[in-house]
1. Based solely on C-alpha atoms, express the radius of gyration and the Dmax of segment 1-41 in angstrom.
2. Per residue, how big is the convex hull of the chain when only Cα atoms are used? Give it in Å³.
3. Using a 10 Å cut-off on Cβ atoms, rank the peptides 128-135, 115-122, 28-35, 46-53 from the highest mean neighbour count down.
4. What are the extents of the Cα atoms of segment 55-94 along their three principal axes, in Å, largest first?
5. Could I have the simple spin-label model distance between Q105 and Y57, label points 7 Å from Cα toward Cβ, reported in nm to one decimal?
6. Label points 7 Å out from Cα along the Cβ direction at S2 and E92: separation in nm?
7. Take each uninterrupted DSSP H stretch in the chain, measure its Cα extent along the helix axis, and return the ones at 20 Å or beyond whose mean Kyte-Doolittle hydropathy is at least 1.6.
8. Whose amide H sits under 5 Å from the amide H of L134, counting only residues 5 or more places off or on another chain, with H placed in the peptide plane?
Amino acid sequence: MSWVKTYNLYLAWLVALIAVGGSLWFSEVAGYVPCELCWYQRILMYPLALILGIASYRGDRSVTAYALPFSIIGAGVSLYHYAQQKVPGLTEVAGCTQGVPCSGQYINWLGFITIPFLALTAFILILSLLWIGLPRSGLR
């Protein structure tokens with residue numbers, strides 16, 4: 001487990017790169033048009049790929065203070081989006097107002113894995129990896 005703490009920035013960067021690559025593949029190759037909440041998740045994930053990459057290269061562990069908010073907010077948006085897809089009554093209360101409906105499911109693997117679920121998983125993994133790398137005294 002100590003190797004995860006040693007390489008947590010690289011692992012978090014790898015997760016962010018996979019998430020960015022996946023979102024680009026879904027939209028540019030598969031042709032899925034992102035909904036409004038998908039755009040918000042991208043707005044929160046894409047900078048993580050950049051800042052975690054720079055921090056990994058420089059060995060800058062203080063990036064956690066800047067990356068955690070992106071991960072926490074992104075996980076919240078992803079969870080809300082996933083709930084819109086899986087809780088029938090929620091779509092009518094707070095649905096997307098324009099364009100592609102946020103309740104739409106381009107993929108539904110195994111009956112529960114949707115694109116917002118994949119984003120939620122990535123945000124939680126990044127959050128966990130950053131948390132593991134925190135010094136015992138907290139954020140510096």
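Laboratory data are not the source of any read-out in this text; all were calculated from the coordinates shown. Worth saying up front: this structure is predicted, and the values here are computed from it rather than measured. All Cβ positions, even for glycine, are placed from backbone atoms using ideal geometry, and neighbour counts span all protein chains on display.
1. When restricted to the Cα atoms of segment 1-41, Rg and Dmax are 14.0, 41 Å.
2. On the way: hull volume 16.6 nm³, N = 140.
Cα convex hull per residue, to the nearest whole number: 119 Å³.
3. On the way: 128-135: 17.0, 115-122: 22.2, 28-35: 12.9, 46-53: 19.0.
The peptides rank, most packed first, as 115-122, 46-53, 128-135, 28-35.
4. Largest first, segment 55-94 extends 47, 13, 8 Å along its Cα principal axes.
5. Rounded to a tenth, the inter-label distance reads 4.1 nm.
6. 5.8
7. Values: long enough: 8-24 (24 Å, 1.76); 36-58 (34 Å, 0.73); 64-86 (32 Å, 0.35); 115-132 (26 Å, 2.56).
Sorted by number, the helices that extend far enough and score high enough are 8-24, 115-132.
8. Residues meeting the criterion, in which the H sits 1.01 Å from N, do not exist here.
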